[in-house]
Amino acid sequence: MLSPMNAPILVVEDDKKIANIVRIYLEEAGFRVIVADSGAAARVAAANEPPLLAILDIGLPDTSGEILCQELQEDTDLPIIFLTSRASEEERLAGFALGAEDYIVKPFSPRELVYRVKALLKRIKRDDPAAALLMSFNGGELALDGHNYTVTHQGVAVVFTPTEFKVLFTLASVPQKVFSRDELVQKALGYQFEGYERSIDAHVKNIRHKLADDPRTPTYIQTVYGVGYRFGGRRDV
């Protein structure tokens, strides 16, 4: 059975034998797989079809897995599993610090890798509202598809950046809850830099513009002065 999101798993591995084994086992488990043998090929593959998850070899011919991890996660929260021969605790912790969700050391069991992929996707589906839900508001006026990161407003598709979508989806997941800017950075983006919470205001401005939401009397994203923002739409049953 295919993944419910029907997006591919991107395997980035320059060892053709290992890449083929990983591909075979994942496909037997029902996943669609795209294989790339370099960082350049991985960037093209991810741009052409955003993957559900990426499995990255750390030692690539044209770049490091760590750098590629940062590049692939630049505008998305793509889950990443590192596949490497490095086994020290310091190296594993460095991988997690970069945003990797798991770390598998070579040589490895292909069955264990499949198990870890399934466990990771199950956890993401449970923990991340944008990974599992379709939501609509105000009698279908606004619809959000967390599977494909798409927005429809008054029957027309509206293009959002991944960051804009995640901010909107986070707010809409709990209507009327007030989120501070810092909470939105942490929940929607998953990381924090000094002063970055102020950029939430710019994302909100862009979202309102795209939804034609009057900032003076907004229907959807409402400002709670001195605190942050809340979503004012009525969720359809």
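The values are calculated or read from the model by the stated rules, or taken from the named source; none is laboratory data. Since we're looking at a predicted model, the values are computed, not measured. Ligands, DNA and RNA are stripped out before the accessible areas are found, and what is left, the full protein with its side chains, is counted by its heavy atoms. Shrake-Rupley method; radii C 1.70, N 1.55, O 1.52, S 1.80 Å.
Looking only at strands (runs of 3 or more DSSP E) that fall completely inside region 1-74, which ones have 2 or more residues that are open to solvent by less than 20 Å² (accessible area, probe 1.4 Å)?
9-12, 53-57
Residues that are modelled with pLDDT of 85 or more and either open to solvent by 60 Å² or more (accessible area, probe 1.4 Å) or not charged (D, E, K, R) (or both): does region 184-201 have at least one?
Yes: region 184-201 contains one or more residues that are modelled with pLDDT of 85 or more and either open to solvent by 60 Å² or more (accessible area, probe 1.4 Å) or not charged (D, E, K, R) (or both).
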